[in-house]
């Protein structure tokens, strides 16, 4: 049935309206005609039914309210996402528009520069007043100058060919001199054994040759004296090879090398051999020996040692 006060639908046997609380007299009057206990039971049952219906109605209303709130939240989130998308789209469109405007302005500037160049070219063409004869005269002069330059270039090419020939001759002469110097060093050197040579202390000088381990001892010298060209400290005793040689210690192990100058070999060339290769040393005024190089490379070390190039 329908409540006459609030107009909402309620159960047919309700005594009161669960929405507005209106009391229905007809139901009450019918109840009063029953015995007291039956009336109590009847009213208790109706009240329990009404309470249950009221609870269901309240739960249904709550569900409606939360559903309504959920719909509102979804609508709000959807509207927010839509606004953000619209804002991002507008921002991207504005950025694209700005880029297009910048490119358009750049193209306009290029067009203006091209137009200016065309105007300058037109003005230059309009200002030309030289006749065909003048141009012919200039062409003749240019042709004459080109002929003179060609002749000069030919002379320079001849001179260059002659210079290359002289360089080839000099290379041959230099090779011959190197061979002669090597022969002289071999002939003038006093051949000594390794055991005798080691009695003469080593004097060190820098040379512009490869030094793999960067200990300032060239690889070729380290090969001759037996140290490792890949290690700064051959015997791994905490002192690099150069420091041990300068202080008279054995860079290959324990013990000391010669430190007393050998004055009886002073100003002499000493040579030791390893197979067909000769290694030559020079004993200077101080009684120490300077490495000059090997016979298999025409004593190249001699030409790159600071001891000789600095004299």
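Each value in this text was obtained by applying a stated rule to the coordinates, not by laboratory testing. What you are looking at is a predicted structure, and each value in this text was computed from that prediction instead of being measured. Here Cβ is always computed from backbone atoms with ideal geometry, including for glycine, and neighbour counts include all displayed protein chains.
Between the alpha-carbon centres of region 83-117 and region 275-311 there is a gap of 76 Å. Projected label points at residue 205 and residue 266, each 7 Å from Cα along the beta carbon direction, are separated by 1.8 nanometres. Over all Cα atoms in region 189-309, the spread is summed up by Rg and Dmax: 13.5, 36 Å. The helix-only estimate of mean residue ellipticity at 222 nm for the chain, built from DSSP H runs of length n ≥ 4 each weighted as -39500 (n - 2.57), is -20500 deg cm²/dmol after division by the residue total. Ranked for footprinting exposure by Cβ neighbours inside 10 Å, fewest first, 66, 281, 308, 257 give 66, 308, 257, 281.
Over all distinct Cα-Cα pairs of the chain, the Kirkwood formula returns a hydrodynamic radius of 33.5 Å. Bridges between two residues of the chain, per DSSP, are antiparallel at a rate of about 85%. Taking the C-alpha atoms only, the angle from helix 36-127 to the longest principal axis of the chain is near 40 degrees. Take every pair of alpha-carbon atoms less than 8 Å apart whose residues are at least six positions apart; their mean separation over the length of the chain yields a relative contact order of 11 percent. Going from the residue with the fewest nearby Cβ atoms within 10 Å to the one with the most, 309, 16 rank 309, 16. Relative to the longest principal axis of the Cα atoms of the chain, the long axis of helix 132-188 makes an angle of roughly 60 degrees. Taking every DSSP beta bridge that has both ends in region 185-289, the antiparallel portion is near 75%.
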